[in-house]
Amino acid sequence: MLHTTEMRMLRWTCGVTRLDKIPIIEKAQKHRLRWYDHIERRPDDHIGKILQRMKVEGKWPRGRPKCRWMDSIRNDMTACGLTEQDTADRDRWRSRIRKADPVI
């Protein structure tokens, strides 16, 4: 039940229906990378960029570490063949993250 609800929310967030037959994972990856690129091009004193680079002090809970947002971004960038320096070239970045989208 929880998995079904989670997938429904992911589809709703991405604006995709079950009939579209678009892999949700690729769509979410594209949106994460677009947001990361947007934040990276902001000035260094922008609150979003400050929060993105902030390190939280303290102890981690026991067990397996949770996947953080930046971990997902790094995995997505590796899958698309991008580096953090590529955010300066907007056209290259967008061409790399854009896959064939049958909805458009």
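The values are calculated or read from the model by the stated rules, or taken from the named source; none is laboratory data. For clarity, every value in this text was computed on a predicted model and none was experimentally measured. Glycine gets a Cβ as well: all are built from the backbone with ideal geometry, and neighbour counts include every protein chain shown.
For the range 1-53, name all the residues that are within 16 Å of the chain's Cα centre (by Cα), more than 24 Å from ARG92 (Cα to Cα) and not in a helix (DSSP H, G or I).
Hit for the range 1-53 is GLY15, nothing else.
State all residues of the range 54-98 that are at pLDDT below 85, surrounded by 13 or more Cβ atoms within 10 Å (Cβ to Cβ) and assigned to a loop (DSSP other than H, G, I, E, B); if no residue qualifies, say none.
Result: ARG98, single match.
Looking at the range 40-87 only, could you name the residues that are among the hydrophobic types (A, V, I, L, M, F, W, C) and in contact (Cβ under 8 Å) with a residue 40 or more places away in the chain?
Result: ILE73, MET77, ALA79, CYS80, LEU82.
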